[in-house]
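Heads up, the thing below is written out as structure tokens.
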Amino acid sequence: MRLHKGDVLFRQGERGPLFRIQSGLLKVVRVQQDGSPFLFNILLPGEIVPHHSLLSDKEYHGTAIALMTSDVDVIPPDEWYRSLEENPLMYRDIALQLQMKLRLTQQRMDQLTASSPADKLALLTDWFRTYVGDYALTELLTQEEIGQLVGLRRETVNRLLRKNT
């Protein structure tokens, strides 16, 4: 399945298939109690999502939205869970995928704990460049979303971005 920027892969609270990200990048946002969206995850090529449904069926924890043109394979849940029962070695693959996601989360924690706002933004920009090449961060995310990823207010992100241009 091909998604274009802004297309929704799945919605918070719904249930459905799993997905293998072949190419592109997606963000996962969760609507807070006050109705505001909060960006809490970035999905990368090679990931099978949602992560919390890899071993058992659960509703989607957030809404996944394409940040760029992305190719995604749909994995029917019955087929996925049956294949786990038939092939226990798949559990190792799941463990390795979750290990990779944990390492990416640790990198994001490094971004959050950088000493200065400018360092936080620089680390995030470098991290994104690894996955998207020459795209400008602001072509993919709003200033608010950038701030959510690194623990900065939108106004601070705006000031830093203006200073860097």
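Read-outs throughout are calculated quantities, based only on the coordinates presented, and are distinct from any laboratory measurement. Fair warning: this is a prediction, and the values are worked out from it, not measured in the lab. Ideal geometry is used to build each Cβ from the backbone, glycine not excepted, and the neighbour counts take in all protein chains shown.
Residues are listed down the side, and each one gets a yes or a no for (1) assigned to a helix (DSSP H, G or I); (2) more than 19 Å from Gln22 (Cα to Cα); (3) not aliphatic (A, V, I, L, M):
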residue: Lys58; (1), (2), (3): no, yes, yes
residue: Ala64; (1), (2), (3): no, no, no
residue: Val74; (1), (2), (3): no, no, no
residue: Asp78; (1), (2), (3): yes, yes, yes
residue: Tyr91; (1), (2), (3): yes, yes, yes
residue: Ile94; (1), (2), (3): yes, no, no
residue: Gln97; (1), (2), (3): yes, no, yes
residue: Lys101; (1), (2), (3): yes, no, yes
Return only the number of the condition from (1) assigned to a helix (DSSP H, G or I); (2) under 24 Å from Gly6 (Cβ atoms); (3) not basic (Lys, Arg) that Asp134 does not satisfy.
(1)
How do the pairs read when you match residues in the range 127-146 that are in contact (Cβ under 8 Å) with a residue 12 or more places away in the chain and over 16 Å from Ile65 (Cα atoms) with residues anywhere that are part of a helix (DSSP H, G or I) and among the aliphatic types (A, V, I, L, M), using Cβ under 6 Å and keeping only pairs 6 or more apart or on different chains?
Phe128/Leu137; Gln143/Val157
So which residues in the range 1-41 are touching a residue at least 60 places away in the same chain (Cβ under 8 Å), crowded, with 20+ Cβ neighbours inside 10 Å and part of a strand (DSSP E or B)?
Leu3, Leu9, Leu18, Lys27
Residue match in the range 106-119 (condition: more than 30 Å from Glu155 (Cα to Cα), surrounded by fewer than 16 Cβ atoms within 10 Å (Cβ to Cβ) and more than 18 Å from the chain's Cα centre (by Cα)):
no
Does the range 27-49 include one or more residues that are of a type in the set (Phe, Trp, Tyr) and within 17 Å of Glu145 (Cα to Cα)?
yes
